[in-house]
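Read the structure below first, then the notes.
The values are calculated or read from the model by the stated rules, or taken from the named source; none is laboratory data. All values derive from a computational prediction rather than experimental measurement. Glycine gets a Cβ as well: all are built from the backbone with ideal geometry, and neighbour counts include every protein chain shown.
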């Protein structure tokens, strides 16, 4: 015992050093490219003439139209979350418990909206419910500039979050536990309520919180579908900074959003930890079976109908609109430089986007990989777990703030990146990292520590241990993570719109610009470009679906 | 496993190739990175910037500078971004700040002094900042309510002629305007009402306008080309508002862009609702190519550019004696008595007015 002690201590110090080494890169990255720019733009708003003006906080929050924005942000997020759960939970059940032809493809298809850029989602819904949209043509129904368009687009966007988070776990719950309860005399409802629901609860809570987070910070959807009367916090930060130029109000709103998102993430981290506890999981392949009886078939049909109307229809309308001109006219127009909207042909945006996304993916993997490795260590303490939540922050902090922060803080030596192309991938990588971490973490945690220890005892260096033990096991997860980072980088809009140089637009920026111009040709080109973007994202996702083995991940 | 490995190698290889690609594309033909003496001069402007190709080519040939243009969003956004990035600007010259936002640019030190060649030829009413010459006026135009002639003759309704008319029951639910916080004509219209009804009266006027069913959309494109029933775009989009806040030069544009050209403009201007805007250019404070920037500003005020501009951007020249296209005088003569406002007064009240307007009209 006495002899063992120094040894354990030695191992702990080594562990701590290794942990520090792994955390160093992500911490440095987030300090320089997230914390510093955000702090700089907030300071620009609140630090006036050498004095901090925190009193602005109360001034701003006291204004009735700002309170209106806060109220709308919250209630539309709550309504969107409730509606998403209501519509997607049956879907989660169907995907978890039923076996039917085409299920794998359909699972990938329902995930497509989630990786679609919000600009495309907005465009698709505009084509469906906007002026001259499908509903307008058929029945004269228009929902744009109403809150319904926003809510439906949010459901469209987040359906996959619920299906994947809840359905993934549901598929792995052992159905025999519920059956046992029924054999002991419990009714179907009681059995479900006392056995399955408590097991699912944390997953439902986690999914609900993610949906709430995404809808609370909604930007592109509200911007395109909402019209001037609706404004979420994120949209208001954009308006205050970019249009009204009231930097102090924007700074206050940024702080408010930061606090709200921080609390959501804290609760989320807590539910995730609860979910990871003590559930008896089985292979998902064994729990699904063909539907039996009229009720189950009806449920399956209902879910498929919802998917068809709510998820596939907007996408189909988008594609259809892009083909309205004869002989692929809108697509061919993309290759022409008109000197009007852009100085280059819109098609060049595709090349820009792909280049940026590849670089952003590399950065996200290089930053997120070590972070996930550090988080997965069993000796990871409270500090590292807190770091986990911090890594998620970029998902919820205003991309607009980040974009403006980049512009004003990274413009002098030693960090004079203002006119460098790397600025765009750096900002995009910020949103990619959380996806990398969340995808890699479960897999890394599943690697048996004893394997690493055995290798170490046999004299392998930490680098060698990682290469020989970890890497082969996580290579697949790494690819999936990279794929997600790639898809979200491709679709990133809020930050890119500020820092992409006007002569080097990305796909989403080009779509938004085309939408902002009048005329059939511009609208058609926006639809065509959105379709291109959608296809690229869908292909990336279908490839991932083939690679994916583990379904407990969150995305 | 073999395939996966290949994919990894491929992905990394691809990454390096594109990295190299990005790097090289950055280096070529880009004057912003390299220091003084550059032969490239960069103009930062808004989306509406336009010039005839041959006119620009002639300037490039004569001056020896290659002009690079960065169009950066609508007028307000472009100004704001230029202010935020003034320590390390994206270009050398900024064109497109108008009298409604001028104070924001000047107070934030966006521009440095330069007296353009030919500034003596600018009509006196457009001259500002005469002691420091930080900005040079380039063009002017009037924000006015436009009406759809066909609608009013079909409905045997007299078109409105003034701000007062717009709140009358006869014109209920007919007007569409732009968000004053996001759109330059929207702000111009708000300032027009403030000039007309005064600091105390404009809010009352807008309450009446709101009660009379004014519709607000975010931008000019949407208002004019989708909601307005009189424009070519609006007809196609089945727009149903026969009154829109636009420009005095919109009717000639409807004629010039129509094929075949109609004998008369399909739209008209509501005379008593105009507000005068002037657009300025300036040499950015930390311009890397100040010499080129000066040459470019001289060019903007030159006779050639001033005569070329109206048909490209649908604005009027500020240079005395500059030729105005005959379509302009024929289909949309400049407003006789537009509302105007001192830049200092705009500077003092603009933000408060926009804020009150937002609460009053949008929320």
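Picking from residues in region B:78-110 that are assigned to a loop (DSSP other than H, G, I, E, B) and more than 11 Å from chain A (Cβ to nearest Cβ), the one that is nearest to residue B:185 (Cα to Cα) is B:100.
Checking the conditions here, which among A:153, A:199, A:250, A:207 is within 14 Å of chain B (Cβ to nearest Cβ), within 28 Å of residue A:393 (Cα to Cα) and either modelled with pLDDT of 85 or more or within 27 Å of the chain's Cα centre (by Cα) (or both)? Write out each step before concluding.
Details: A:153 fails: within 14 Å of chain B (Cβ to nearest Cβ); A:199 fails: within 14 Å of chain B (Cβ to nearest Cβ); A:207 fails: within 14 Å of chain B (Cβ to nearest Cβ).
Sole residue among the options that is within 14 Å of chain B (Cβ to nearest Cβ), within 28 Å of residue A:393 (Cα to Cα) and either modelled with pLDDT of 85 or more or within 27 Å of the chain's Cα centre (by Cα) (or both): A:250.
Considered as a group, the residues in region A:401-436 that are part of a loop (DSSP other than H, G, I, E, B) and out of contact with any helix residue (DSSP H, G or I) (no Cβ under 8 Å at 6 or more places or on another chain) include one that is surrounded by the most Cβ atoms within 10 Å (Cβ to Cβ), and that residue is A:419.
Which residue pairs have Cβ atoms closer than 7 Å, lie 6 or more positions apart in sequence or on different chains, and pair a first residue in region B:176-187 that is more than 16 Å from residue B:142 (Cβ to Cβ) with a second residue that is assigned to a loop (DSSP other than H, G, I, E, B)? Every condition considered, the pairs that remain are B:179/A:228; B:179/B:218; B:181/A:244; B:182/B:218; B:182/B:219. Checked against (1) assigned to a helix (DSSP H, G or I); (2) over 17 Å from residue B:279 (Cβ atoms), residue B:337 passes all but a single condition, namely (1).
Residue pairs whose Cβ atoms lie under 6 Å apart, separated by 6 or more positions or on different chains, with the first residue in region A:467-482 and more than 8 Å from chain B (Cβ to nearest Cβ) and the second surrounded by fewer than 17 Cβ atoms within 10 Å (Cβ to Cβ) and assigned to a helix (DSSP H, G or I), are A:469/A:451; A:480/A:547. For region B:111-125, the criterion of a residue being surrounded by 24 or more Cβ atoms within 10 Å (Cβ to Cβ), more than 8 Å from chain A (Cβ to nearest Cβ), closer than 29 Å to residue B:349 by Cα and under 19 Å from the mean Cα position of the chain (by Cα) is satisfied by at least one position. Taken together, A:410, A:417 contain a single residue that is within 11 Å of chain B (Cβ to nearest Cβ), without any contact (Cβ under 8 Å) to a residue 40 or more places away in the chain and under 23 Å from residue A:352 (Cα atoms), which is A:417. Note on region B:301-316: residues that are surrounded by fewer than 23 Cβ atoms within 10 Å (Cβ to Cβ) and either out of contact with any helix residue (DSSP H, G or I) (no Cβ under 9 Å at 6 or more places or on another chain) or part of a helix (DSSP H, G or I) (or both) amount to 8. For beta carbons closer than 6 Å, sequence separation of 6+ or different chains, a first residue in region A:64-83 that is within 14 Å of chain B (Cβ to nearest Cβ) and a second that is modelled with pLDDT under 95 and not in a helix (DSSP H, G or I), the qualifying pairs are A:65/B:363; A:68/B:363; A:69/A:231; A:73/A:232. Only one of the listed residues (B:226, B:221) is within 12 Å of chain A (Cβ to nearest Cβ), within 14 Å of residue B:186 (Cβ to Cβ) and without any contact (Cβ under 8 Å) to a residue 40 or more places away in the chain. That residue is B:221.
Quick one: would you say residue A:443 is more than 30 Å from residue B:81 (Cβ to Cβ), in contact (Cβ under 8 Å) with a residue 24 or more places away in the chain and buried (at least 20 other Cβ atoms within 10 Å of the Cβ)?
yes
Screening region A:91-132 for residues that are within 14 Å of another protein chain (Cβ to nearest Cβ) and surrounded by 21 or more Cβ atoms within 10 Å (Cβ to Cβ) and picking the one that is farthest from the chain's Cα centre (by Cα) gives A:130. So, residue A:365, is that one within 14 Å of another protein chain (Cβ to nearest Cβ), at pLDDT 90 or above and farther than 30 Å from residue A:526 by Cβ or not? Answer is yes for this residue.
With respect to the conditions (1) in a loop (DSSP other than H, G, I, E, B); (2) closer than 30 Å to residue A:291 by Cβ; (3) free of Cβ contacts under 8 Å to residues at least 12 places away in the same chain, residue A:132 lacks only one, and its number is (2).
Restricting attention to region A:448-461, does a residue exist that is over 21 Å from the mean Cα position of the chain (by Cα) and within 10 Å of chain B (Cβ to nearest Cβ)? Please lay out each step first, then the result.
Of region A:448-461, the ones over 21 Å from the mean Cα position of the chain (by Cα) are A:448-461.
So of that shortlist, the ones also within 10 Å of chain B (Cβ to nearest Cβ) come out as none.
No, the conditions are met nowhere in region A:448-461.
The set of residues from region A:376-400 being outside any helix (DSSP H, G or I) and either modelled with pLDDT of 75 or more or under 25 Å from residue A:220 (Cα atoms) (or both) comprises A:397, A:398.
Figure legend. Inter-residue proximity from region A:174-197: first residues outside any helix (DSSP H, G or I), second residues modelled with pLDDT under 85, beta-carbon distance below 6 Å, spacing 6+ or different chains. Indicated pairs: A:174/A:280; A:174/A:282.
Which one of B:361, B:324 is closer than 28 Å to residue B:160 by Cβ, within 14 Å of chain A (Cβ to nearest Cβ) and in contact with a strand residue (DSSP E or B) (Cβ under 9 Å, 6 or more places away or on another chain)? Steps first, please.
On the way: B:324 fails: within 14 Å of chain A (Cβ to nearest Cβ).
Exactly one residue qualifies, and that residue is B:361.
Return the residue satisfying two criteria in turn: it lies in region A:223-243 and is within 7 Å of another protein chain (Cβ to nearest Cβ) and closer than 17 Å to residue A:257 by Cβ, and of such residues it is surrounded by the fewest Cβ atoms within 10 Å (Cβ to Cβ). Walk me through how you get there before you give the answer.
Our first condition is that a residue be within 7 Å of another protein chain (Cβ to nearest Cβ); within region A:223-243, this holds for A:227-229, A:239, A:242-243.
Retained after the next criterion (residues that are closer than 17 Å to residue A:257 by Cβ): A:239, A:242.
Working: A:239: 25, A:242: 22.
The residue in question is A:242.
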